[in-house]
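The values are calculated or read from the model by the stated rules, or taken from the named source; none is laboratory data. What you are looking at is a predicted structure, and each value in this text was computed from that prediction instead of being measured. Here Cβ is always computed from backbone atoms with ideal geometry, including for glycine, and neighbour counts include all displayed protein chains. Keep in mind that these areas ignore ligands, DNA and RNA; they rest on the heavy atoms of the full protein, side chains included. Shrake-Rupley method; radii C 1.70, N 1.55, O 1.52, S 1.80 Å.
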Amino acid sequence: MDYTFCGDYYLPNLLPTQEEEYDIGIYGQRYFRYIKEHDKILFINLLTTEKLNEHVAEVDTRAQTMESMLVKQIAEQEGINEVLKEQNQMEWVQCMNNIRNRVEEIINKEIFK
């Protein structure tokens with residue numbers, strides 16, 4: 001192991017291992033910010049074990065899967081379909097935006113509990 005003289009001390013030259021790159025979406029970014037501000041112990045543990053990006057990416061993937069599934073289910077329950085989209089696009093857009101906003105609230109409650 002190599003050491004560097006810094007002030008009065010010799011410090012080891014520690015280099016982090018190369019972490020795998022992950023695509024992190026909006027839910028992952030929100031979760032990262034949340035644990036960094038509100039769950040510092042979890043954040044530091046994941047950071048020091050070099051599993052932070054993997055964990056955040058996993059949470060993001062679960063949230064995106066949940067989002068697509070819930071939007072589809074709620075739209076079916078409320079009768080929002082392609083027929084409505086063809087007949088009245090503005091109403092369809094309003095309904096889908098309403099559904100997406102409700103689903104986003106559900107996911108945020110699940111992620112941040």
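Residues that are assigned to a helix (DSSP H, G or I) and either at positive phi or open to solvent by less than 100 Å² (accessible area, probe 1.4 Å) (or both) do not occur anywhere in segment 2-24.
Elements of the type helices (runs of 4 or more DSSP H) sitting completely within segment 36-113 and holding at least 1 residues that are farther than 30 Å from L14 by Cα and modelled with pLDDT of 95 or more: these cover 52-77, 82-87, 89-111. Among the residues of segment 62-94, those that are in contact (Cβ under 8 Å) with a residue 12 or more places away in the chain and either within 26 Å of D23 (Cα to Cα) or open to solvent by 60 Å² or more (accessible area, probe 1.4 Å) (or both) comprise A63, Q64, M66, E67, L70, V71, E78. Out of E104, E54, one residue alone is surrounded by 15 or more Cβ atoms within 10 Å (Cβ to Cβ) and acidic (D, E). It is E104.
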